[in-house]
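Okay, structure first, notes after.
What follows is calculated from the coordinates using simple rules that are stated; it is not laboratory data. Please read these numbers as outputs of a predicted model, since none were measured by experiment. In this analysis, Cβ positions are derived from the backbone assuming ideal geometry, glycine residues included, and neighbour counts consider all displayed protein chains.
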Amino acid sequence: MMIRTKQPWRILRPQIDEQTEEIMEIDPIELRNALGRFATGVCVVTTASEGRAPIGMTVNSFSSLSLDPPLVLWSIQRDSDCRAAFDAASTYCINVLASDQKELSGRFARKNQHEVNEADRFFEGELGLPVLMGCLVAFECTIDARLDGGDHIILVGRVKAVHQGDGDKPLLFFAGGYQELAS
Ligand SMILES: Cc1cc2nc3c(=O)[nH]c(=O)nc-3n(C[C@H](O)[C@H](O)[C@H](O)COP(=O)(O)O)c2cc1C
């Protein structure tokens, strides 16, 4: 079937450099903005390993992967200051944030602010990981695989314990900003 309606939207595609005639990838900023139109939840991933202070990092790359076996994933920027901690770790905990935890999300997204300290409202989970009070749900995982994901590394986790909070309002991220569900 021929669809004759004219393409009504602006289209992003690789361009050819007029001078070098090389194909250039889609502009990364435009691509990031386009990808940002996919709404996500927000999580703080924590980890703790022998001889290192426990840390947390804000991410929205979390995704469910498999029920049998029980797998989840998220990805970390290769050049993140948190890389060393997650490289050394064999476990992590995904803390899914509630709508009233925006400040916490901001705090764990700032450089040099990753240490989980006494003032933070965490408790120790089954695997000895920091579990965040007030989050919607937390998944303690062992790290099953580290996969190449371009400028990110994909960390596949096997879920070993689930902590269920009682909140029902998620913190959302859309188009570069925080959002909440309309009631
Ligand atoms: C809503 C939100 C989602 C983010 N998602 C990710 C992510 O999935 N992976 C990642 O590596 N960084 C992500 N970041 C960025 C890190 O939180 C932040 O860059 C990092 O903690 C600060 O840089 P550093 O890791 O070098 O200290 C996200 C930040 C925000 C605010």
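Counting only C-alpha contacts under 8 Å and six or more residues apart, can you give the relative contact order of segment 95-134 as a whole percent?
This gives 34 percent for segment 95-134.
If a/c stays under 1.5 just call it rounded; otherwise compare a/b with b/c (prolate if a/b is bigger, oblate if not). Do that for segment 73-163, with a ≥ b ≥ c from the square roots of the Cα gyration tensor eigenvalues.
Values: a/c = 1.71, a/b = 1.23, b/c = 1.39.
Oblate is the answer for segment 73-163, as a/c is 1.5 or above yet b/c matches or exceeds a/b.
Apply the Karplus parameterisation 6.51 cos²θ - 1.76 cosθ + 1.60, with θ equal to phi minus 60°, to every residue of segment 34-50 and state each ³J(HN,Hα) to the nearest whole Hz, in sequence, with x for glycine and proline.
3J(HN,Hα) across segment 34-50, in whole Hz: 5, 5, x, 7, 8, 6, 9, x, 10, 10, 10, 8, 10, 8, 8, 9, 2.
Remind me, what semi-axes does the chain give for its equivalent ellipsoid, largest first in whole Å, using sqrt of 5 times each Cα gyration tensor eigenvalue?
Values: eigenvalues 228, 84, 56 Å².
Semi-axes, largest first: 34, 20, 17 Å.
Mind giving me the nanometre distance, one decimal, between the label points for Trp9 and Arg83, set 7 Å out from Cα along Cα→Cβ?
So the label points at Trp9 and Arg83 sit 3.4 nm apart.
Which whole-number percent gives the relative contact order of the chain, counting Cα pairs below 8 Å spaced six or more residues apart?
On the way: 353 pairs, mean separation 43.2, N = 183.
Contact order relative to length: 24 percent.
Binning every alpha carbon pair distance of segment 1-106 at 5 Å from zero, what are the percents per bin?
Here the calculated profile for segment 1-106 is 2, 9, 13, 15, 14, 13, 10, 9, 7, 5, 2, 1, 0.
If packing is taken as the average count of other Cβ atoms within 10 Å, what order do 98-110, 29-41, 54-66, 78-90 fall into, highest mean first? Present the calculation step by step, with values, prior to reporting the outcome.
Values: 98-110: 16.8, 29-41: 12.1, 54-66: 18.8, 78-90: 14.7.
With the highest mean Cβ count within 10 Å placed first, the list reads 54-66, 98-110, 78-90, 29-41.
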